[in-house]
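Data first, discussion second: the structure below is written as structure tokens.
The values are calculated or read from the model by the stated rules, or taken from the named source; none is laboratory data. Note that the coordinates shown come from a computational prediction; the quantities given were computed from them, not determined experimentally. Virtual Cβ from ideal backbone geometry, glycine too; neighbours counted across all protein chains shown.
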């Protein structure tokens, strides 16, 4: 394998005084960043901080309005564009990976970079295959057949293939590799495999700009951290000289909310939700009881049925057999309104398709769950609506604090705050939360966790469906593991930690309990 000589480290990229405006609004103001070769440099900030804009300027997707950029000592013109920055040695792996399902690994790697050609101009498949194998070896996929279908790969392998594509035209040409939220779509159990991949890429000698909102990963894999806030450089510091808590406070500008000791919370014996041998098109003979004040997590690999369980409880998937009981009464939701009437709050996994009202305002997205709160005599009271929404905006720290702003003009994190916060307007006994902190910055995540705990402390039951094992370990009192629509194991107490859950998800089952029988027999 080829390695770049980094015995004398040099900057991969130096960006100084970067300025960018979108219309009259300044999104970056005199921002500096230097990424060294053979280092992983985190770029973090809250939603709207400018981190994505800065990375796109360095990659050539956006044209900067001011400042200078040099790559390995070579000045990059303002109008370089993507092709120009690639020529200088910048490569990007995006969150969506940009892979084409239905074709081979080889074709995904070669597309856009160019196949090796024969003297007469036809594709030299043998040479292209050798180049692809060399690129795959660089990312640890030496044994992967380039002819394999990319849509049959595990998610972490797809990330590795996308990285191999970035290295396809030769490691010696790569100066800076921008990794933009590459772990965002990973199922639990595979994040550590990708972090190992990042370490491997670092050893190859390129500089790595690691854009993420996951502070645990920042502390685990990076060497240096740059923090942006409101389009300005706040701090740039070696990772070894800071802590996760400090990062949260830098990003948010606030002290981190104190976290309750979840494991000491007293859970009532009063059942809120009882599931008895539930079967749907995705679930098979699921039995589970959740008590008043309990926060129960659900984990599982992709396709395990985790989200299907949430949709069923909210009346969005048909029950084939089995039964549900809510607060002692039979519960058969055929429609979301049936669930809402019975006191079920639901946060869907895909907020863009199922969570927000597209084209509507912040105000309308907040109040849609309970219009009766803002009506008098059958008519909406504008004053009452504005007052309630203003309270919700302040409580959940929605930015911008504009009730009439279009929901599409908000960052993903602020949209998620609304999807979670809208249930403050209803009286709920069961919260079904599917990835409630996805795309939310760390300070907002801590606030949502405390909000979840407050709901449980108030007597509600909470079902937390999450791909974040850290989230489950931090927030839940126990967790169940779903495999192919069946509950296979349950973890609670001291056994509820990330390592044990990872072992479950990769099939290394140890001394964890099998799923118990329902706590209460049902009619």
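Checked against (1) at pLDDT 90 or above; (2) surrounded by 17 or more Cβ atoms within 10 Å (Cβ to Cβ); (3) under 28 Å from the mean Cα position of the chain (by Cα), residue 82 passes all but a single condition, namely (2).
Just the residues that are in contact (Cβ under 8 Å) with a residue 60 or more places away in the chain and at negative phi, please, taken from the stretch 483-495. Those that are in contact (Cβ under 8 Å) with a residue 60 or more places away in the chain and at negative phi: 483, 486, 487. Evaluated against (1) assigned by TED's automatic domain parsing to the domain that holds residue 285; (2) over 22 Å from residue 429 (Cβ atoms); (3) modelled with pLDDT under 95, residue 352 falls short on exactly one condition, (1). Residues in the stretch 388-399 that are out of contact with any helix residue (DSSP H, G or I) (no Cβ under 6 Å at 6 or more places or on another chain) and within 16 Å of residue 252 (Cβ to Cβ): 394, 395, 397. Of the residues in the stretch 44-56, not one is farther than 19 Å from residue 412 by Cβ and touching a strand residue (DSSP E or B) at 6+ places or on another chain (Cβ under 6 Å).
Filtered by the rule that a residue be over 13 Å from residue 275 (Cα atoms) and surrounded by fewer than 18 Cβ atoms within 10 Å (Cβ to Cβ), the stretch 321-341 gives 334, 335, 336, 337, 338, 341.
Reported count of residues in the stretch 109-155, each being surrounded by fewer than 21 Cβ atoms within 10 Å (Cβ to Cβ) and within 21 Å of residue 195 (Cα to Cα), is 9.
Scanning the stretch 12-29 for residues that are more than 29 Å from the chain's Cα centre (by Cα) and either closer than 19 Å to residue 180 by Cβ or modelled with pLDDT of 95 or more (or both) yields 16, 17. Among helices (runs of 4 or more DSSP H) entirely within the stretch 363-482, having at least 1 residues that are surrounded by fewer than 18 Cβ atoms within 10 Å (Cβ to Cβ) and touching a residue at least 60 places away in the same chain (Cβ under 8 Å) singles out 412-421, 442-457, 469-475. Could you list, in sequence order, the residues of the stretch 85-108 that are in a helix (DSSP H, G or I) and buried (at least 16 other Cβ atoms within 10 Å of the Cβ)? 85, 86, 88, 105, 106, 107, 108, listed by residue number. The residues on offer are 189, 126, 143, and the sole one that is at pLDDT below 90 and on the phi > 0 side of the Ramachandran plot is 189.
When residue 64 is tested against (1) out of contact with any strand residue (DSSP E or B) (no Cβ under 7 Å at 6 or more places or on another chain); (2) without any contact (Cβ under 8 Å) to a residue 60 or more places away in the chain; (3) assigned to a loop (DSSP other than H, G, I, E, B), only condition (1) is not met.
The residue list 89, 98 contains one member that is within 30 Å of residue 124 (Cα to Cα) and at pLDDT below 90, which is 98. The numbered conditions (1) in the same structural domain as residue 500 (by TED's automatic domain parsing); (2) in contact with a helix residue (DSSP H, G or I) (Cβ under 8 Å, 6 or more places away or on another chain); (3) closer than 20 Å to residue 471 by Cα are all true for residue 286 except (3).
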